[in-house]
Amino acid sequence: AIGVSSLAAGHKTLVPKLIEELHKLGADDIIVTVGGVIPRNDYDFLYKSGVKCIFGPGTPIFKCA
């Protein structure tokens with residue numbers, strides 16, 4: 001799994017590019033999760049891009065496991 005922390009609003013550009021590059025490498029079995037300050041309006045976009053989980057600020061650790 002790869003966890004991406006986004007605090008600078010790059011999640012809509014960087015995360016889909018990461019997933020695209022993983023696909024090119026045949027690494028479709030690698031799960032991508034995202035955490036940080038991400039507007040709820042962007043969640044659907046990220047899920048459609050291939051993100052499996054999104055963890056916002058204050059997410060309890062047990063939900064991330």
statement: Filter region 3-21 for residues that are part of a helix (DSSP H, G or I) and either touching a Leu at 6+ places or on another chain (Cβ under 6 Å) or among the hydrophobic types (A, V, I, L, M, F, W, C) (or both); the one that is surrounded by the fewest Cβ atoms within 10 Å (Cβ to Cβ) is 14
message: Against the condition surrounded by fewer than 16 Cβ atoms within 10 Å (Cβ to Cβ), at pLDDT 95 or above and either within 15 Å of residue 4 (Cα to Cα) or not basic (Lys, Arg) (or both), how does residue 24 come out, does it pass?
response: no
- prompt: Out of all the residues in region 22-51, which are closer than 21 Å to residue 9 by Cβ, of a type outside the set (Gly, Ala, Ser) and part of a loop (DSSP other than H, G, I, E, B)?
  reply: 37, 38, 39, 51
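The values are calculated or read from the model by the stated rules, or taken from the named source; none is laboratory data. Since the structure is predicted, the reported quantities are computational estimates derived from the model, not experimental observations. Cβ sites come from the backbone with ideal geometry, for glycine too, and all protein chains shown count toward neighbours.
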